[in-house]
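Notes follow once the structure below has been shown.
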Amino acid sequence: MTMRIASLSFRYGRRAPWILSDAGLVLDAGDVVEVTGPNGTGKSTLLRLVAGLLRPTRGSVEDRPRIVGYAPERFPSDQPFTVAAYLRHMAAVRRVSTESIGRWSERLGMDHLLGQRLPDLSKGSAHKVGLAQALLAEPGLLVLDEPFAGLDAATRAELPRIIGEISARGGIVVASDHQGDLRYFPGLRRCEVRDRALRELDPVDPIEDAAEPALTVLEVAVAASKAQDLADRLRAEGCTVNITARATREVAG
Amino acid sequence: MTAMMALARFRLAGYAASHRALQPLIALLALLAVLYAGSIPAGQEIAATADSAAMLVPVLAWAARGLLDTEPDEQRSVAISALGPKELAGGLVAAFASLLVLAAIGEGALLLRLAGSPTLTVLLAGVWLHLLSATAGLALGALTSRPILPSPAVSTIALILGYLSMLVLSMAGARWLTVPVMGWMRDAHHGVLLSGLPLITVQSLLWPAIGLAAYTWLRRTRP
């Protein structure tokens, strides 16, 4: 099944600025897509639109798989339930058997948390609960907002395997990932949200990347007011950037 | 159990376990203590029932808003990801169920303070009026809930003004322009409520229906 995002534009209100403008993306069964981009450019908004939590202002999201799993960036732990009670309620809402709770708690390394109350959880533990509820019902579309943030090493290693399994059975996974844990996921598609546009990036070549190509130093002269912006963009591309204060007009000339 | 009912149960459980459920309950108990300080003389049953139903509306609206607002916004997103548009119905069903409990407490207190014993017709009319009251409370509570009015101050003022407008408009006799809560009381005190109940039912359900339709429409862009 192919899911299509067509000419999608979004803003939060009639007078609010556009967050996304005329974005398009075709997602095939089994696709794993990493959404990148600087902070505050609309990655989370895009994920919410993909998951169907927000309605596009213009354009459409077509043929979204029926079962959607969504794990928010910050799990809302201010709820009066234990982890087990919360997941039992979510299993009932998802109409799946409570057995899946045991399976996912084991895989995410959160068996020992089941009896704890949600407000008492650490950030990373709460994050696992958010992932578990999204995975309960074997989603056809899994949307993960910064899924690796705050996770322990074992779960960081397990999550790409879980994503791989969902992809292997034809599910679509869309995730934003600042930590870069998905970077070398086989067949990963990468999209960048910047300046209201959604752009597909070239896939990372793991061999070329792993071989640590020789570095070179590039001198760039730029107006002081634009230096930070350019530096951020280059850092997002994976460059190491040092801003020096030497203002030398001659170089520009 | 359907997914929507499971969500309603989850929300009721969360509401019952949070402090929010206590606030309208305490307000209700205080209201009942004032209303029924003395017993209700025989023959006044239907009038007292109408007074109760009319005065419960703001308490029920507050309770409905409280239930809908208990869940953190991100949890509502999780519910939408699981259920889609049915998430909205799950919230309204849970809120209405909580209002039925409060309305039943109000009705129960009323029955305990009756000097005479009411006829079955009066009893059923009383239950019916409290259901109308719960429907009005549900619509007002939903329209002032956080997705629609994010500011708590604005939402509280809107809830109070919503109820006051019901009182003022229905006191002025504009029965089709609002939920005619003053009409319930006036008709009951003049002994014409039972004969006019079908018409007053239509008048009392019209605005809650419009209100809930508006809530549904507004929620499309306010998840």
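The values are calculated or read from the model by the stated rules, or taken from the named source; none is laboratory data. Just so it is clear, the structure is predicted and the values come from calculations on it, not from any experiment. Please note: Cβ atoms are built from the backbone with ideal geometry, for glycine as well, and neighbour counts cover all protein chains shown.
Quick notes on this structure:
- Checklist (1) closer than 30 Å to B:Pro223 by Cβ; (2) modelled with pLDDT under 95; (3) touching a helix residue (DSSP H, G or I) at 6+ places or on another chain (Cβ under 8 Å) applied to B:Leu83, failing item: (2)
- Check on B:Gly141, among the small types (Gly, Ala, Ser), surrounded by 18 or more Cβ atoms within 10 Å (Cβ to Cβ) and over 23 Å from B:Ala16 (Cβ atoms): no
- The residues in segment A:56-84 that are of a type in the set (A, V, I, L, M, F, W, C), surrounded by fewer than 19 Cβ atoms within 10 Å (Cβ to Cβ) and closer than 24 Å to B:Ala17 by Cβ can be counted, and the count is 1.
- All positions within segment A:64-91 that are more than 8 Å from chain B (Cβ to nearest Cβ) and of a type in the set (Phe, Trp, Tyr): A:Tyr86
- So A:Ala137, is it within 14 Å of chain B (Cβ to nearest Cβ), within 23 Å of the chain's Cα centre (by Cα) and more than 18 Å from A:Leu53 (Cβ to Cβ): no
- Going through (1) within 14 Å of chain B (Cβ to nearest Cβ); (2) hydroxyl-bearing (Ser, Thr, Tyr); (3) under 19 Å from A:Gly140 (Cβ atoms) one by one, A:Thr2 falls short only on (1).
- The residue that is surrounded by the most Cβ atoms within 10 Å (Cβ to Cβ), counting only those in segment A:1-23 that are out of contact with any Leu (no Cβ under 7 Å at 6 or more places or on another chain) and assigned to a strand (DSSP E or B), is A:Ile19.
- Top-ranked residue of segment A:29-49 - restricted to ones that are over 11 Å from the mean Cα position of the chain (by Cα) and among the hydrophobic types (A, V, I, L, M, F, W, C), ranked as farthest from the other protein chains (Cβ to nearest Cβ): A:Ala29
- Complete set of residues in segment B:1-41 that are within 10 Å of chain A (Cβ to nearest Cβ), surrounded by fewer than 14 Cβ atoms within 10 Å (Cβ to Cβ) and within 23 Å of B:Gly106 (Cβ to Cβ): B:His19
- Considered as a group, the residues in segment B:173-221 that are surrounded by fewer than 20 Cβ atoms within 10 Å (Cβ to Cβ) and of a type in the set (Phe, Trp, Tyr) include one that is nearest to the other protein chains (Cβ to nearest Cβ), and that residue is B:Trp217.
- The combined condition, being under 14 Å from the mean Cα position of the chain (by Cα), buried (at least 20 other Cβ atoms within 10 Å of the Cβ) and within 14 Å of another protein chain (Cβ to nearest Cβ), is fulfilled by B:Leu67.
- Annotation note: of A:Leu131, A:Leu142, the sole residue that is within 14 Å of another protein chain (Cβ to nearest Cβ) and part of a strand (DSSP E or B) is A:Leu142.
- Unique match (being more than 8 Å from chain B (Cβ to nearest Cβ), charged (D, E, K, R) and closer than 16 Å to A:Leu136 by Cβ) among A:Arg58, A:Arg103, A:Arg94: A:Arg103
- The residue pairs whose first member lies in segment B:179-197 and is within 17 Å of B:Gly43 (Cα to Cα), whose second member is surrounded by fewer than 18 Cβ atoms within 10 Å (Cβ to Cβ), and whose beta carbons are closer than 7 Å, counting only pairs six or more residues apart or on different chains, are B:Asp187/B:Gly196; B:Leu194/B:Thr121.
- Only listed residue being out of contact with any strand residue (DSSP E or B) (no Cβ under 6 Å at 6 or more places or on another chain) and either of a type in the set (Asp, Glu) or surrounded by fewer than 17 Cβ atoms within 10 Å (Cβ to Cβ) (or both), chosen from B:Val101, B:Val59: B:Val101
- Residues of segment A:106-122 classified as within 14 Å of chain B (Cβ to nearest Cβ) and either in a helix (DSSP H, G or I) or within 22 Å of the chain's Cα centre (by Cα) (or both), total: 2
- Extreme residue, modelled with the lowest pLDDT, among residues of segment A:117-159 that are surrounded by fewer than 18 Cβ atoms within 10 Å (Cβ to Cβ) and under 28 Å from B:Gly84 (Cα atoms): A:Ala149
- Entry remark, segment B:79-114: residues being more than 14 Å from every other protein chain (Cβ to nearest Cβ) and among the basic types (Lys, Arg) number 1 in total.
- Helices (runs of 4 or more DSSP H) fully within segment B:1-97 counting 2 or more residues that are of a type in the set (D, E, K, R) and touching a residue at least 40 places away in the same chain (Cβ under 8 Å): B:3-16, B:45-70, B:73-83
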